[in-house]
Each structure stands twice: as structure tokens, then as C-alpha cells.
Amino acid sequence: MSKNFVEKRDDAKEQESAELKKQLVEQLQVLSEHADASPLDRARLQLDVAESLVALERKAEAWTLAREAFDTALQHDAWKDAVEACDVLYQCEQQASVAALGMGVWLAVSFPVDPELTLAMLMHIVEETPDNSDGAALAAVAARYVIDLRADDASHESLSFLANTLIGRVAERHSKVRDQAALDQWMEKLALRDPQIFLPRLGKVVNIIVGDAWWFDRDELRNKFD
């Protein structure tokens with residue numbers, strides 16, 4: 001690696017860091033100026049700040065803001081905002097970050113959350129699970145299921161492509177699947193075609209991820225839709 005290349009790379013990193021710091025200052029100013037904003041609007045501003053803090057590796061600070069934003073979103077039944085907060089909390093890489101991911105996945109699958117965001121959360125599950133784990137397969141097929149249910153005509157094709165690619169990648173790493181016939185056989189073997197089977201199994205995976213660290217009562221939230 002040449003000295004010039006290293007210097008250019010370092011210069012680019014310094015420039016990116018400077019731009020992020022400037023953005024953070026501006027976001028903090030906006031947050032300060034909107035002290036009287038509605039709780040949800042303020043929570044969304046907090047998430048913007050938290051994302052910048054994560055990018056600047058100030059992850060403990062980001063956690064505090066994103067955790068508060070999560071609580072606010074949940075209190076107002078703002079499921080998408082709550083899931084976005086969980087996504088930021090996961091990226092904070094703190095002790096409870098993986099539990100936050102699990103809770104975000106539960107909310108994203110259980111409630112009418114943007115399918116693109118749900119896909120992103122389920123992709124994190126794939127990243128967190130070992131290659132031979134069925135959990136990744138369950139997450140991948142759940143992503144495709146949610147997309148089929150919720151995506152509009154404009155986004156369905158592109159999101160389906162991403163989900164199908166994810167399923168193929170998981171199948172290859174799980175069982176060395178490399179063609180359609182093998183993929184069909186793999187999905188039948190793991191019972192990945194029936195949501196009444198794979199969704200409860202995904203729920204068990206989420207339970208393992210979160211453990212006893214749930215920040216909300218799932219039955220209480222479900223009752224809001226009964």
C-alpha cells in the first residue's frame with residue numbers, strides 16, 4: 001500500500017469526521033430549539049442525533065438518546081419510530097444492544113411497520129446467528145413474508161429481490177445450497193413455507209435473543225389490536 005494512498009485515505013476519513021461533527025452540532029442546535037416540540041417529534045430529533053453519535057463512535061451517548069426515544073415512541077404506539085430506535089440501539093454495541101435488536105424485530109414483525117425497515121432488522125438477525133443456525137433461515141423467510149404482506153406495488157419487486165437474495169445466501173451458508181431444486185428441498189426440510197410454523201419458531205429465536213430483558217409487556221401491546 002503506497003504512502004500516498006494511505007495519506008489520501010486518512011484525509012478522507014478526517015474530512016468525513018469533520019462533516020459529521022458539523023452535522024452533529026447542527027442537529028443538537030435543532031434539538032435545543034425544539035424543546036417544546038411534541039414528544040414524538042422530539043424523539044425523532046433525538047434519533048437523528050443518536051445516529052450521528054454512532055457514526056462518530058460516541059456510542060454510549062447515542063444509547064442514552066436512542067433509549068429515551070424508544071420509550072417515547074412506544075408510549076405513543078409509534079411502531080416504526082420504536083423499531084428505528086431499536087436499530088440505532090443495536091448499532092450502539094452496548095451490553096443490551098442485541099436484546100434491543102430482538103425487541104425491534106418482534107415489533108417490526110408483529111405490527112404494521114415499513115417492510116424495508118423490517119427487512120433491515122431481520123438482516124441483522126442473519127448477521128448475528130451462526131452459519132448453521134436455523135434462526136437465520138427463519139429471519140430470511142419472515143422478511144419475504146412481511147414484504148409480500150406490506151410492500152406496495154412500487155417497492156415490492158425490489159424488496160422481494162433483496163429478500164430472495166438473502167434467503168439464497170442463508171441457504172448456501174447453512175446447507176451449501178446452490179440451485180433451485182436444492183433450495184426447494186431445503187425449504188421443505190426446514191418447514192419454511194408455512195407462516196403458521198416459521199413465525200412461531202422465529203418468535204422462539206427472538207425470545208432467546210432478548211432473554212429476560214424485555215422493556216415492554218408483549219401481551220399488553222397485542223391487546224391494543226384485539
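Listing for the model above:
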quantity: Qualifying positions in region 130-154 - outside any helix (DSSP H, G or I) and either in contact (Cβ under 8 Å) with a residue 24 or more places away in the chain or under 12 Å from residue 167 (Cβ atoms) (or both); calculated: 131, 132, 133, 151
quantity: Condition met for residue 61 (out of contact with any helix residue (DSSP H, G or I) (no Cβ under 9 Å at 6 or more places or on another chain) and either at pLDDT 95 or above or on the phi > 0 side of the Ramachandran plot (or both)); calculated: no
quantity: Breaking point among (1) among the basic types (Lys, Arg); (2) at pLDDT 95 or above; (3) loosely packed, with under 14 Cβ neighbours inside 10 Å; (4) not in a loop (DSSP other than H, G, I, E, B), for residue 169; calculated: (3)
quantity: Candidate set: region 147-191, residues that are touching an Asp or Glu at 6+ places or on another chain (Cβ under 9 Å) and among the charged types (D, E, K, R); chosen: the one nearest to residue 80 (Cα to Cα); calculated: 150
quantity: Tabulated pairs, region 22-48, first assigned to a helix (DSSP H, G or I), second modelled with pLDDT of 95 or more and acidic (Asp, Glu), C-beta under 7 angstrom, 6+ apart or interchain; calculated: 27/48; 40/81; 43/81; 44/81; 46/68; 47/84
quantity: All positions within region 113-129 that are part of a helix (DSSP H, G or I) and either more than 19 Å from residue 199 (Cα to Cα) or among the charged types (D, E, K, R) (or both); calculated: 116, 127, 128
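Residues checked against (1) within 26 Å of residue 42 (Cα to Cα); (2) at pLDDT below 95; (3) touching a helix residue (DSSP H, G or I) at 6+ places or on another chain (Cβ under 8 Å); (4) not assigned by TED's automatic domain parsing to the domain that holds residue 47:
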site: 81; (1), (2), (3), (4): yes, no, yes, no
site: 87; (1), (2), (3), (4): yes, no, yes, no
site: 115; (1), (2), (3), (4): yes, no, yes, yes
site: 120; (1), (2), (3), (4): yes, no, yes, yes
site: 129; (1), (2), (3), (4): no, yes, yes, yes
site: 137; (1), (2), (3), (4): no, no, yes, yes
site: 147; (1), (2), (3), (4): no, no, yes, yes
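The values are calculated or read from the model by the stated rules, or taken from the named source; none is laboratory data. These figures come from a predicted structure and were not determined experimentally. Glycine also receives a Cβ, built like all others from the backbone with ideal geometry; neighbour counts cover every protein chain displayed.
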